[in-house]
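A.B. asks: Got a structure for you, questions after.
What follows draws every value from the coordinates through simple rules; no lab data is involved. All values derive from a computational prediction rather than experimental measurement. Ideal geometry is used to build each Cβ from the backbone, glycine not excepted, and the neighbour counts take in all protein chains shown.
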Amino acid sequence: MPRRRRYPDEPEVYADTLTCLFQAEASPETERVLDEATHFRAYDAWALARAHIFEEWQKATDPVNLQPKAPKTKRDAAALLKKHPPTDIVQTC
């Protein structure tokens with residue numbers, strides 16, 4: 001899937017767990033500092049993450065996305081059989 005163009009002020013959501021952990025790279029000696037600006041941006045990041053999680057959930061639970069799609073050849077064959085049903089086979093519903 002091609003990546004869409006990003007702009008400098010546009011945040012990016014990382015859905016892959018390992019990528020997320022890599023972005024949060026630190027060591028046990030890393031000083032834990034959260035200045036006021038970063039603190040407020042964390043709330044913005046959480047809002048983006050929640051929206052992304054919800055969108056992914058909607059896609060994953062949409063019945064349209066859960067139904068397997070029959071290949072065109074099978075759909076064409078089914079349409080042909082419906083239009084011209086075999087006379088020597090008993091049709092049951």
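A.B. asks: Of all residues in the stretch 46-93, how many are in contact with a Pro (Cβ under 7 Å, 6 or more places away or on another chain) and aliphatic (A, V, I, L, M)?
C.D. replies: Residues of the stretch 46-93 in contact with a Pro (Cβ under 7 Å, 6 or more places away or on another chain): 48, 91.
After this cut, where a residue has to be aliphatic (A, V, I, L, M) as well, the list is 48.
Selection size over the stretch 46-93: 1.
A.B. asks: For the stretch 14-73, please list each of the helices (runs of 4 or more DSSP H) lying entirely inside it that holds at least 2 residues being touching an Asp or Glu at 6+ places or on another chain (Cβ under 8 Å), surrounded by 10 or more Cβ atoms within 10 Å (Cβ to Cβ) and among the aromatic types (Phe, Trp, Tyr).
C.D. replies: Numbers: elements: 17-23, 36-61, 63-66.
Where helices (runs of 4 or more DSSP H) fall fully within the stretch 14-73, none carries at least 2 residues being touching an Asp or Glu at 6+ places or on another chain (Cβ under 8 Å), surrounded by 10 or more Cβ atoms within 10 Å (Cβ to Cβ) and among the aromatic types (Phe, Trp, Tyr).
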